[in-house]
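*Asks:* Just passing along the structure, written as structure tokens.
The numbers here are math on the coordinates, done by the rules we state, and not lab data. Computed from a prediction, not measured in an experiment: that's the story for all the values here. Note that each Cβ is placed from the backbone with ideal geometry, even for glycine, and that neighbours are counted across all protein chains shown.
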Amino acid sequence: MSGRGALDASLREPAPVYLLVGGESWLVRDAVDRIRAAVVAGPVAAFNDATFVAAEDRDGTFVHTARTVPMMAERRLVVLRQVEEASVSLLDALLAYVAAPVPSTVLVVTGERFPAAVGGVDRGLRIVNAAKKTGFVAKLDRQEVDGVRFATDAAARLGARLAPAGARLLVDFTGGELALVHAAVERCAAYVGEGGAITEEVVEAVCVSTAEAEVWALTDAIVGRDRGRALAALHHLLEDGEAPHKLLSNVAWQLRQVLVLQDASRRGIDEREAGVRMPPQKARAIREMLSRRPLSPRQLLEELAEVNTGMNSSRAGERRVFEAWILRLVDRLADATSSAR
């Protein structure tokens, strides 16, 4: 396994080929995001960033794109996803390219595994061996990662401190799936704030006691711009004893999930690989709402920052500030939608 540090070191001078295969989608997505940040940036980034799905690229178009000179930039990024569904002809094209890659292109190949050998020829193994000579190869599986260390490091990157006992509880609560671990750490970090400590009590308060389905009722109402439902769901949660700050952290996490879902739908990419972590039925319902009334990511993130600041500084009481913000947010989102029509 080539770890995060090894990948970061390779990005000081990006390799022409990155082979990222494994069953842990969070690790794969995180690695692709860091490669993308290192390879393409600036105003022409979109012109030099192309993604292909192996099962859909029957003609090997990714190879033609990879051999195209970047537009007004030093490098081009080409991502080939779901290599486990590649045809024999596509694997042959991939092997030929990996053996002699174009220096101005960074090709990233991802998937859970390579297809089984066909006709006694293990093309996946040949591609791996070729990539070891020309690029960077990493096997990204959960078994290769210490969940407690992963949670602790994720908290540190978010500006929070997570003790080992809290990390173990968090890993146990999520079942160890790294995407869920990271999402839970994000909620806890939002709850304690910059420089805060995520204790066992915080993990229990944020991840265990709050009924996710009840919070989703509030988030659904916000996305649907339904003032009445939002107020009813909020009062139900508050009357059940949920603290406003804890609710804010959970609502903020769910709204960010909504934005990730919206972005994945617009770009036509796999939602799980994009980082969407919500029940399929919930995702379908929200996708339908977003198709009619999309959200502005910038506006929503600015609103979240505003209420967080307000709840930390207001003398009116965090409950009153939170209630007023929920109603104001629904109204502002509704106004933004109306003015966009």
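*Asks:* Just flag the GluC sites (Glu not before Pro) in the range 127-205 sitting in loop per DSSP whose Cβ has no more than 14 other Cβ atoms within 10 Å.
*Replies:* 194
*Asks:* May I ask you to compute the full-extension gain from residue 335 to residue 153, defined as 0.36 nm times their residue separation minus their alpha-carbon distance, rounded to one decimal in nm?
*Replies:* On the way: separation 182, 0.36 × 182 = 65.52 nm, distance 4.02 nm.
Contour length minus the Cα-Cα distance gives 61.5 nm.
*Asks:* Just flag the trypsin sites (Lys or Arg not before Pro) in the range 21-107 sitting in loop per DSSP whose Cβ has no more than 11 other Cβ atoms within 10 Å.
*Replies:* Sparse-neighbourhood loop trypsin sites (Lys or Arg not before Pro): 58.
*Asks:* Once you charge only the Cβ atoms, +1 for Lys and Arg and -1 for Asp and Glu, what is the size of the charge dipole of the chain about its Cα centre, to the nearest 20 debye?
*Replies:* 820
*Asks:* Can you give the calculated 222 nm mean residue ellipticity of the chain, where each DSSP H run of n ≥ 4 adds -39,500 (n - 2.57) and the sum is split over every residue, rounded to the nearest 500 deg cm²/dmol?
*Replies:* Rounded to the nearest 500, the figure is -18500 deg cm²/dmol.
*Asks:* Moving on. Around residue 161, which amide H atoms from residues at least 5 apart in sequence, or from another chain, sit under 5 Å from its own amide H, with H modelled in the peptide plane?
*Replies:* 196, 197, 198
*Asks:* Run a plain Debye calculation on the range 94-229 (Cα atoms as equal point scatterers, no solvent) and give log10 I(q)/I(0) at q = 0.14, 0.21 Å⁻¹, rounded to two decimals, same order as the q list.
*Replies:* The Cα Debye sum returns log10 ratios of -0.80, -1.11.
*Asks:* In nm, to one decimal, how far is the modelled label at residue 200 from the one at residue 33, with both set 7 Å along Cα→Cβ?
*Replies:* So the two model labels end up 3.0 nm from each other.
*Asks:* How big is D, in µm² s⁻¹, for the range 183-337 by Stokes-Einstein at 10 °C and 1.306 mPa s if Rh is the Kirkwood radius over C-alpha pairs? Write down the numbers at each step before the final one.
*Replies:* Values: Rh = 15.9 Å.
Taking Rh from Cα pairs, D becomes 100 µm²/s.
*Asks:* Also, quick follow-up: Residues of the range 272-309 with backbone nitrogen within less than 19 Å of a virtual label 7 Å along the Cα-to-Cβ line of residue 229, please, listed as ranges.
*Replies:* 278-296
*Asks:* Could I ask something else about it? Quick one: putting +1 on the C-beta of Lys and Arg, -1 on the C-beta of Asp and Glu, what dipole do you get for the range 168-219 around its Cα centre, in Debye to the nearest 20? Write down the numbers at each step before the final one.
*Replies:* Numbers: 2 positive and 9 negative charges, 16 e Å.
Roughly 80 debye, rounded to the nearest 20.
*Asks:* Where nothing but the Cβ of Lys and Arg (+1) and of Asp and Glu (-1) is charged, how large is the charge dipole of the range 109-168 around its Cα centre, in debye to the nearest 20?
*Replies:* Roughly 120 debye, rounded to the nearest 20.
*Asks:* Between 159, 182, 202, whose Cα lies farthest towards the positive end of the dipole of the range 146-208 when Lys and Arg beta carbons carry +1 and Asp and Glu beta carbons carry -1, centred on the Cα centre?
*Replies:* My answer, from the dipole projection, is 159.
*Asks:* What residue among 193, 281, 128 has its Cα farthest toward the positive end of the dipole of the chain, where the charges are +1 on Lys, Arg and -1 on Asp, Glu, each on the Cβ?
*Replies:* The Cα lying farthest towards the positive end belongs to 128.
*Asks:* Here's a follow-up. Label residue 45 and residue 68 with points 7 Å out from Cα along Cα→Cβ: what is the distance between them in nm?
*Replies:* Using points 7 Å along Cα→Cβ, the separation is 1.9 nm.
*Asks:* Let me check the size of the range 4-143 from its C-alpha atoms; what are the radius of gyration and Dmax in Å?
*Replies:* When restricted to Cα atoms, the range 4-143 yields Rg and Dmax of 14.1, 47 Å.
*Asks:* So which aspartates and glutamates pass the test for residue 139, namely a Cα distance under 13 Å, with those fewer than 8 places away in the same chain ruled out?
*Replies:* Within reach: 24, 112.
*Asks:* Here is a further query. Putting +1 on Lys and Arg Cβ atoms and -1 on Asp and Glu Cβ atoms, find which of 68, 237, 83 reaches farthest to the positive end of the dipole of the chain.
*Replies:* Highest projection toward the positive end goes to 68.
*Asks:* Also, I was wondering about something else. For the chain, what is the Kirkwood hydrodynamic radius in Å, using each pair of distinct C-alpha atoms?
*Replies:* 22.0
*Asks:* So for the chain, averaging the separation of alpha carbon pairs under 8 Å that are six or more residues apart and normalising by length, what relative contact order in percent results? Present the calculation step by step, with values, prior to reporting the outcome.
*Replies:* Numbers: 475 pairs, mean separation 51.2, N = 341.
For the chain, the relative contact order is 15 percent.
*Asks:* What's the whole-number percent of alpha carbon pairs in the range 1-46 lying beyond 13 angstrom?
*Replies:* 58
*Asks:* If you don't mind, another one. Projected area of the range 146-208, taken from the Cα convex hull and averaged over every viewing direction, in nm²?
*Replies:* 3.2
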